[in-house]
1. Among the residues of the stretch A:137-147, write down those that are hydrophobic (A, V, I, L, M, F, W, C) and surrounded by fewer than 23 Cβ atoms within 10 Å (Cβ to Cβ).
2. Checking B:G37 against (1) surrounded by fewer than 23 Cβ atoms within 10 Å (Cβ to Cβ); (2) at pLDDT below 95, which single condition isn't satisfied?
3. Which residue out of B:Q119, B:Q76 is away from every other protein chain (no Cβ under 14 Å), surrounded by fewer than 17 Cβ atoms within 10 Å (Cβ to Cβ) and free of Cβ contacts under 8 Å to residues at least 12 places away in the same chain?
4. What pairs come out if I take residues in the stretch B:98-109 that are more than 11 Å from chain A (Cβ to nearest Cβ) and pair them with residues that are surrounded by 20 or more Cβ atoms within 10 Å (Cβ to Cβ) and not polar (S, T, N, Q) whose C-beta lies under 9 Å away, six or more apart or interchain?
5. If you check B:R232, B:R247, which single one turns out to be part of a helix (DSSP H, G or I) and over 21 Å from B:G324 (Cβ atoms)?
6. Can you tell me which residue is nearest to the other protein chains (Cβ to nearest Cβ) among those in the stretch B:151-175 that are buried (at least 22 other Cβ atoms within 10 Å of the Cβ), touching a residue at least 60 places away in the same chain (Cβ under 8 Å) and not in a strand (DSSP E or B)?
7. Please verify whether A:A74 is surrounded by fewer than 18 Cβ atoms within 10 Å (Cβ to Cβ), away from every other protein chain (no Cβ under 14 Å) and under 30 Å from B:V72 (Cβ atoms), treating the condition exactly as stated.
8. In the list A:E142, A:E119, which residue meets the criterion of being outside any loop (DSSP other than H, G, I, E, B), modelled with pLDDT under 90 and under 30 Å from B:L102 (Cβ atoms)?
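The values are calculated or read from the model by the stated rules, or taken from the named source; none is laboratory data. Treat the numbers as computed from the prediction; the structure is a model and nothing was measured. All Cβ positions, even for glycine, are placed from backbone atoms using ideal geometry, and neighbour counts span all protein chains on display.
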Amino acid sequence: MDWSAIALSVRLAAIVSAVLLVIGLPIAYWLTFSSSRWRFVFESIVALPLVLPPTVLGFYMLVALGSRSPLGRAWQTWTGHGLAFTFEALVIASILYSLPFAVQPIAASFAQIDRTLLEASATLGVGRLRTFLRVVLPLSIEGVLAGAVLTFAHTIGEFGVVLMVGGNLPGVTRTVSIAIYDDVQAFDFASAHRTALLLLLFSFAALASVYALMRKPWAVAPLS
Amino acid sequence: MSLDVRVRSRLSPRFTLDVAFTAAAGTTIVFGASGSGKTTLLRLVAGLRAPDEGRIAIDGRALVDVDAHIDVAPPQRRVGFVFQQLALFPHLTAADNIGYGLSRLTAAARQARISAIAQSFGIAHLLGNRPASISGGERQRVGLARALVTDPDVLLLDEPLSALDHETQSRIIADLRAWNEQRRIPILYVTHSQREAFALGERVLLLRDGMVAADGTPEAVLNAPSHESVARLAGFENLLDAVVVERRSNGGVMVVRLAGAAVDLETPLMSFESGDRIRVAIRAGDILVATEHPRGLSARNVVAGTIAALSRQGAIVRLEIDIGVPVEVHVTPTATATLDLQTGREVWLVIKTHSCHPVSAV
């Protein structure tokens, strides 16, 4: 088994989950509580990675991160090397690709909070940020955890975007699903079996923990 | 302290709340049918909704003033709100719910305030419990305590006791009265229960279709309705069509004839002319039933009729008496048994002159 690929995938998934938790909470909050008429546009953007082929997302990411893009150039001046085919590129691409898996369960659990509780908090002299920390977050903690677990699991298993943006550099961008692909290409079915089984068990455990958390059937269906 | 409200708020193309009043310290009952704008009025005062026009101020401090572009955010308004569904935080204990609005205090000061108000509301023993594990009446007290403990400048109560039994209601009303004896802040109390209106209110503001339809003491607004729709709201079960036949100015009474029945009733003298079509509002509980023709009574109206229907509803028995038109009368189950009241039985109804309220029938 390719332990370095597994370690890389776990590291990637942990970073992506942490980042998405931080940026997913405000996005989910806005999507749930905003009365903007343009909300549907942002909902669609957030959900886009669910339907977009990974190659399409990966292709645009590659263009956006390449040395001819403003982001790629800025990265080049800042770090002295290009962004494409690096671990950092994988992180950025994975954040975008897993966005709906973090935001949707969180937004779904925010939506279940009785709005009157937020109004009660306001009339008791408590502002929005503190209301979020004292009422919204504690009452939707299951959804937030589910979002984190799903993001982690989804990032561990991603393949297309990684291949497009990161390539296949051992120890840098070679993730566990790419390792399986390589094993199969090399007819090393025994190794592929072991890694695939590990991923299968892990994915099941992740989903089982999410459903146990949410205690509602199909609570994590992506578009629920 | 006094609350000054003059606002317009368009809720839909067909409904606009348009009210102007000043509420002094003490309890003002906001009374009205559902959809009359009661809750919207409270939400405007709390800042949970913005008016289209007008101004709301506490002692001259503007909470919202559309012309002056002032709109103070709800947390800064110092307006307490007890919601109809209470909105207790389900994940917090009663103590943490009550202390929720006191985070600016030190832990010790907060604890002292929580204990003091919990004592006075009789909920000190359940401070460690979550809302789901206490009774409805206890939850109501926690909700009240949570709003009162922050010492608001105005208190808004949206049907806070509607889900409780009468005994619990009375006790909480007594607590609330005692609390406001000391504070003397304006309280707007939304209800459609006359009992609560009479028990709490120094003043009743009657809303109809988003406007103030009547304003006065509970007795004036609810017991002597000037208008049919007010009478209906105030719980007069009987609204009988009638025509004024005679005014007796020296006796302070007038005689009206019920439409569809050859029955004359004596009522208090009101500003109606002979021949005017009016309605007579009579509470079902204000009518006495006799099984023999009564004599020697001070009551001026004795009317013969037949029991057309009889049904028991909790502690009262509803009789429908046919006197040419159907009249609803409420008696106790004991009276029903003692008098052997049953369908088809001939009875006499006794109604005092001042239990008959002539109202304009428009």
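1. Of the stretch A:137-147, the ones hydrophobic (A, V, I, L, M, F, W, C) are A:137, A:139, A:141, A:144-146.
If the condition is that a residue be hydrophobic (A, V, I, L, M, F, W, C) and surrounded by fewer than 23 Cβ atoms within 10 Å (Cβ to Cβ), then A:L137, A:L139, A:I141, A:V144, A:L145 are the ones that fit.
2. Condition (1) is where B:G37 drops out.
3. Values: B:Q76 fails: away from every other protein chain (no Cβ under 14 Å).
Selected residue: B:Q119, the only one of B:Q119, B:Q76 that is away from every other protein chain (no Cβ under 14 Å), surrounded by fewer than 17 Cβ atoms within 10 Å (Cβ to Cβ) and free of Cβ contacts under 8 Å to residues at least 12 places away in the same chain.
4. B:L105/B:G99; B:A109/B:L102
5. B:R232
6. Among those that are buried (at least 22 other Cβ atoms within 10 Å of the Cβ), touching a residue at least 60 places away in the same chain (Cβ under 8 Å) and not in a strand (DSSP E or B), it is B:P152.
7. Working: surrounded by fewer than 18 Cβ atoms within 10 Å (Cβ to Cβ): yes; away from every other protein chain (no Cβ under 14 Å): yes; under 30 Å from B:V72 (Cβ atoms): no.
In short, no.
8. Working: A:E119 fails: modelled with pLDDT under 90.
The unique qualifying residue is A:E142.
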